[in-house]
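Accompanying notes for the structure given below.
The values are calculated or read from the model by the stated rules, or taken from the named source; none is laboratory data. If you're wondering where the values come from, they're calculated on a predicted model, not measured in any experiment. Note that each Cβ is placed from the backbone with ideal geometry, even for glycine, and that neighbours are counted across all protein chains shown. For accessibility, only protein heavy atoms count, side chains too; no ligands or nucleic acids. Shrake-Rupley method; radii C 1.70, N 1.55, O 1.52, S 1.80 Å.
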Amino acid sequence: MGTFEGHVIPSVIYSVLALWWGFVTSIRYARTLINKKNRYRSTVYMPCFCCPTKKLRTFPIESFIKFVFLGIHSFVEIYTGLHYNASNVLVLEYENAHHVCMLGAFLLSSIVEILIYYGVPFPKRTDYAFNALGFLIQALIMSVHLDGDKGLEQNVHKLWTVVCSLCFSHT
């Protein structure tokens, strides 16, 4: 996914998810300010409060969306990165392998969120731990993702390393 489209399309999807998270968090917090009986409770996934029933309003739709998009993105990375080398061995390109590792960490966190919703017993805050792990893996891989490259792409990846590091430290 070293193409312009390969970077823009996932970035738009992830930006929409981030905006959704910020929007829902703001609405949930504003509701607690209006209704003093309700206390604000932080969650990793954001429920869809616009759904008609209480069951659907608490359903982790965001976790399922992340699971689907990350699964598709991982498949595309593997599909476009696989090739036979000079020794006729099937290998995955270095940068595609980086992407699959980063995506896999968040894919795993979305699976944990879904399992927690369905009542699978995990230690308290496991969902936060898996999301923090996802950001840590992404920060570590991004720090070496384009070693040797220069220019705007390298600077963007360095900036993304800082963002992921901050997300890890605040999760």
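Whenever a residue of the range 107-132 is modelled with pLDDT under 95, its partners that are of a type in the set (Lys, Arg) and in a helix (DSSP H, G or I), lying with C-beta atoms within less than 7 angstrom and at least six residues away or across chains, give the pairs Ser110/Lys66. Filtering the range 40-62 to residues that are under 21 Å from Arg125 (Cβ atoms) and open to solvent by 90 Å² or more (accessible area, probe 1.4 Å) leaves only Arg41. Beta carbons closer than 7 Å, at least 6 apart along the sequence or on distinct chains, pair a first residue in the range 13-39 that is open to solvent by less than 60 Å² (accessible area, probe 1.4 Å) with a second that is among the charged types (D, E, K, R) and not in a helix (DSSP H, G or I) for Thr32/Arg39.
I need the full set of residues from the range 49-96 which are of a type in the set (Val, Ile, Thr) and over 30 Å from Ala30 (Cβ atoms), in order please.
As a first pass, look at the range 49-96 and keep what is of a type in the set (Val, Ile, Thr): 53, 58, 61, 65, 68, 72, 76, 78, 80, 89, 91.
Ile72, Val76, Ile78, Thr80, Val89, Val91, listed by residue number.
Only residues that are open to solvent by less than 60 Å² (accessible area, probe 1.4 Å) and in contact with a helix residue (DSSP H, G or I) (Cβ under 6 Å, 6 or more places away or on another chain): list them for the range 144-164, please. Across the range 144-164, the qualifying residues are His145, Leu146, His157, Thr161, Cys164.
Would you confirm whether any residue within the range 48-66 is touching a residue at least 60 places away in the same chain (Cβ under 8 Å) and out of contact with any Pro (no Cβ under 8 Å at 6 or more places or on another chain)?
Step one: filter the range 48-66 for residues touching a residue at least 60 places away in the same chain (Cβ under 8 Å), giving none.
No; the residues of the range 48-66 include none that is touching a residue at least 60 places away in the same chain (Cβ under 8 Å) and out of contact with any Pro (no Cβ under 8 Å at 6 or more places or on another chain).
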